[in-house]
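Undergrad: Let me give you the structure first, and then I'll get to my questions.
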Amino acid sequence: MARTRLYRGGVLEAEDFPLEEISEHLSDPSAVVWADLCHAPAAELELVAGELDLHGLAVEDAVSARQRPKLDRYATHLFIAAYGVALDRATGRIGVDEVLAFVTSQALVTVRPADGFDVDAVVERWDASPDLAKHGVAFLLHGLLDVVVDSHFATVQGLDDEIEDLENLLFDERPHSSEVQRRSFELRKSLVLARRVVLPMREVVNSLLRRDLQVVDDAMAPYYQDVYDHVLRATEWTESLRDLVATILETNLTIQGNRLNGIMKKVTSWAAIIAVPTAVTGFYGQNVPYPGFGHASGFWTSLLVMVGLSGGLYAVFKRRDWL
C-alpha cells in the first residue's frame, strides 16, 4: 500500500490518502504532497505519473532496477536515483537498497523496488524538524537525502572499524595470514561497491545546490550544504580506506616474507649444528686406524669435539638472532 502525506502551509494535514487525490490536493498552491511506492505495480506508478505529468523516460528508469546514482532534469520535474547502504559486520559485506525520487515543485514521490531502505527513518527526520516544513519540497527532499548520506557515512565508519580490527590481527604474534587475506578481499569488494554508490552522490547534491534548478531556496541551502559536506567526507574516507586495504595486503605479504626468512634462518642454523656431530661421527667411523682408534679416549675426544663445536655454533647463531 502506498504511503502518502499532505502538507498545507507547512503543516502536516493528512496521511495515507488515495493516490487518485494527489492532483486534487496540488490544485492548492500552498499544498505539498509526498507519496511512497514500495513494490509498486506498473499501473500504480503510471497513475502517479499521470497525476504529476512525469516524463516517460523517468518512469521507465523507475521501473528498471539498479540505476546508477544520478540526477536527471526534465521540463517539469527532476529524477533522482540513490542508494542506502548497510554493513554486515559478520561478513564484512554491504547491502545496497535503491531509492528513486521524482521531484516536482509541489510533490516528492519515492519509489522503492524493495523494502530494504528504511523510509520510516525519513519520516522521523521530517517529524523532528516541523519548523522547516514550510519550505515544501526542498524540506522533504533534504530529509530523504540526509538519511541516504547518513547511511553512507555510517557504513564507511563501520568499514573503518573493520579495517582497524584487521590491522590488529595482522600484527598478532600468532600468524593469521589466510584470515587476513580473506577478510581483506571481502572488505576491498565492499569498498568498491561503496565507492560506486557514494562517489556519484557528490554530483547529485552539488547539482541540487545550483540556483537554476530552483529546488533549494536560501533558507534550506545551509542544510543541503551540510549534506554535501557529509558526502565529501564519506567519499574521501572511502578512497583512503581503499588505499589502506591495499597497504594491508602488501604488509601481510611482507610479514609473511619476513617470517619465512626467520624460519629459514632457524632451519639453516639447526642444520649447521646437526652437521657437526654428523661430520665428527663420520670421521671416527673410518675403517682405518686413527689417533684413539680402539681406545676409550677416542670416544671421549669425539664426544667433546661434537659438544664443543655444536655449542659454539649455537652460541654464535643465538647472538646473531638466527635462533
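Undergrad: For Tyr7, all conditions in the list (1) surrounded by fewer than 20 Cβ atoms within 10 Å (Cβ to Cβ); (2) assigned to a strand (DSSP E or B); (3) in contact with a Gly (Cβ under 9 Å, 6 or more places away or on another chain) hold save one; what is the number of the exception?
TA: Checking Tyr7 against (1) surrounded by fewer than 20 Cβ atoms within 10 Å (Cβ to Cβ); (2) assigned to a strand (DSSP E or B); (3) in contact with a Gly (Cβ under 9 Å, 6 or more places away or on another chain), the one that fails is (1).
Undergrad: Right, here's the next one. All but one of (1) farther than 28 Å from Val198 by Cα; (2) in contact (Cβ under 8 Å) with a residue 60 or more places away in the chain hold for Leu71; which doesn't?
TA: Condition not satisfied by Leu71: (1).
Undergrad: For Phe171, all conditions in the list (1) more than 26 Å from the chain's Cα centre (by Cα); (2) farther than 18 Å from Ala221 by Cα hold save one; what is the number of the exception?
TA: Failing condition for Phe171: (1).
Undergrad: Against the condition modelled with pLDDT of 90 or more and surrounded by fewer than 14 Cβ atoms within 10 Å (Cβ to Cβ), how does Glu20 come out, does it pass?
TA: No: the conditions fail for Glu20.
Undergrad: Now, a different point. Within the stretch 172-185, track down each residue that is in contact with a helix residue (DSSP H, G or I) (Cβ under 9 Å, 6 or more places away or on another chain) and either among the basic types (Lys, Arg) or in contact (Cβ under 8 Å) with a residue 12 or more places away in the chain (or both).
TA: Pro175, Ser177, Val180, Gln181, Arg183, Ser184
Undergrad: Name every residue in the stretch 75-125 that is surrounded by 18 or more Cβ atoms within 10 Å (Cβ to Cβ), of a type in the set (Gly, Ala, Ser) and at pLDDT 90 or above, in order of residue number.
TA: Ala81, Ala82, Gly84, Ala101, Ala107
Undergrad: Sticking with this structure for a sec: Quick test of your reading of the structure: Gly56 fulfils all but one of (1) crowded, with 20+ Cβ neighbours inside 10 Å; (2) more than 22 Å from Glu15 (Cβ to Cβ); (3) of a type outside the set (Lys, Arg). Name the failing condition by number.
TA: (1)
Undergrad: Here are the criteria: (1) in a strand (DSSP E or B); (2) closer than 22 Å to Ala133 by Cβ. Tell me which single one Phe17 does not satisfy.
TA: Phe17 satisfies all of (1) in a strand (DSSP E or B); (2) closer than 22 Å to Ala133 by Cβ except (1).
The values are calculated or read from the model by the stated rules, or taken from the named source; none is laboratory data. Keep in mind it's a predicted model, so treat the numbers as computed, not measured. For neighbour counting, all protein chains shown are included, and Cβ atoms are generated from backbone atoms with ideal geometry for every residue, glycine included.
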